[in-house]
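The block underneath contains the structure these notes are about, expressed in structure tokens.
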Amino acid sequence: MKHKNATLDDVARHAGVSYQTVSRVLNGSARVADATRARVDEAIRTLNYVPNRMAQQLAGKRGCTLGLITASLGFHAPSQIASAIKGVAGQRGFTVLIAMTEPQHETGLQDALNELKAQRVEGVIINLPLAAQSAAAVVADNPELACLFLDVLPDAGVFHVMFNPADGTRASVDHLYHLGHRHFALLAGPQDSVSARLRLDSWQRALAAYQLHPVASAQGDWSAASGFRCMATMLKAQAAFSAVLVANDQMSLGVISALQQQLAVPEHVSVIGYDDTEDSAYFLPALTTVSQDFNRLGQEAVNRLMARLGQGEGAEGQSIMLPTHLVTRYSTAAPPDGKPSLSLLADELQRIAASLRR
């Protein structure tokens, strides 16, 4: 037999108060005595009462639901961003509905926006790489929504909260240069990712400041497997590098795994990742990486979006670039005195990479 959900009347009877008093507690009214509020809260917990948000909205009450549109949560950074946004929103009493779509499918993005609008969402956080023109079109085509973007160019002209890659990438190059490295390999993210392009450009600028150029470069797809394959290809080409800059921590894991088939990290090759995901401190060796404070990103995104919707301080409703910084662990060291032979390692890595593609 299906269990009947508790109603507002059930809560009122259990707490010994009126229907209107329960409603005032749920709406956060200050016109409720502390002892009465405590009784209502206890009744809600005891009965597992869940407010009908849709009914509240249909009755004309202000919505308390935000949307988040993101790519696959299988990658560490997007999943941590989603968790941070949900956590901050939950603390403020807001619900977050998550829709996933592929960034290259613009019709999929609009479909996701339409679905969220159908659920009476008023503000949406979009964590997809978008060109300035595409982001502007999203805003123009959805005037009833407040849209905040997490992966656009800083000068795209749309409402955004983003990390500034320049601080962390410059610190990465400085750190390796002062250790004595002069031969760098770069492993960027996919070309269609705005953040990946910004990181690559920042690395190149930082190297150019030392009159250096990368001796090898490649593009992965953010996965550890692509990091492994790209490193195998670099080594097969026998490029002489002593340090690798990698666009995210997951690809760094693949890079380290490839190198450690026969070489040691950091004794032979130093590796710096990007993101400072929760598990990067437990790589072997612990990964030196650029830290992005995902919890702060979630806080800023939710607070600024709510301010844009008129539920926060006005100044918070503006765009912001958040800082990044280098976290030094054990995957970097001074370069070796002699250059290790890479040909045997490259052959073995090609064999392993081929087996992974089967």
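The values are calculated or read from the model by the stated rules, or taken from the named source; none is laboratory data. Please read all numbers here as calculations on a predicted model, not as lab measurements. With ideal geometry, Cβ positions are generated from the backbone for all residues, glycine too; neighbour counts draw on all protein chains shown. What goes into the accessible areas is simple: the full protein's heavy atoms, side chains included, and nothing from ligands, DNA or RNA. Shrake-Rupley method; radii C 1.70, N 1.55, O 1.52, S 1.80 Å.
Calculated accessible area for the chain comes out at 48 Å² per residue, all protein chains present (probe 1.4 Å; ligands, DNA, RNA ignored). Helix 132-141 versus the longest principal axis of the chain: what angle, 0 to 90°, nearest 10, using Cα atoms? In the chain, helix 132-141 runs at an angle near 10 degrees to the longest axis.
Computed from Cα positions, the angle between helix 294-308 and the longest principal axis of the chain comes to roughly 40 degrees.
Using the Cα centre of the range 123-204 as the reference point, and only Cβ charges (+1 on K/R, -1 on D/E), how large is the resulting charge dipole? Debye, rounded to the nearest 20.
380
With both residues required to sit in the chain, DSSP beta bridges show an antiparallel share near 10%.
Dipole of the chain computed with +1 at Lys/Arg Cβ and -1 at Asp/Glu Cβ about the Cα centre; of Trp222, Val161, Leu113, farthest Cα towards the positive end is Leu113.
Here the peptides 11-17, 278-284 are ranked by packing, the mean other Cβ count within 10 Å, and the order with the highest first is 11-17, 278-284.
Along the range 228-234 the Karplus relation, 6.51 cos²θ - 1.76 cosθ + 1.60 evaluated at θ = phi - 60°, assigns HN-Hα couplings of 5, 5, 5, 5, 4, 5, 4 Hz to successive residues, with x for each Gly and Pro.
Summarise the accessible area of the chain (1.4 Å probe, protein heavy atoms) by the percent that is carbon and sulfur. Don't jump to the answer; show the numbers that get you there.
Numbers: 8610 of 17140 Å².
The C+S portion of the solvent-accessible surface of the chain is 50 percent.
The HN-Hα couplings worked out from phi for the range 212-218 by the Karplus form 6.51 cos²θ - 1.76 cosθ + 1.60 (θ = phi - 60°) are 10, 9, x, 8, 7, 8, 7 Hz, whole numbers, x standing for Gly and Pro. Backbone amide hydrogens, once placed in the peptide plane, bring Val290 within less than 5 Å of Gly273, Tyr274, Asp275, Asp276, Val327, excluding anything fewer than 5 places away on its chain. As I understand it, the value is the acute angle between the Cα axis of helix 165-179 and the longest principal axis of the Cα atoms of the chain; what does it come to in degrees, rounded to 10? Result, in degrees: 30.
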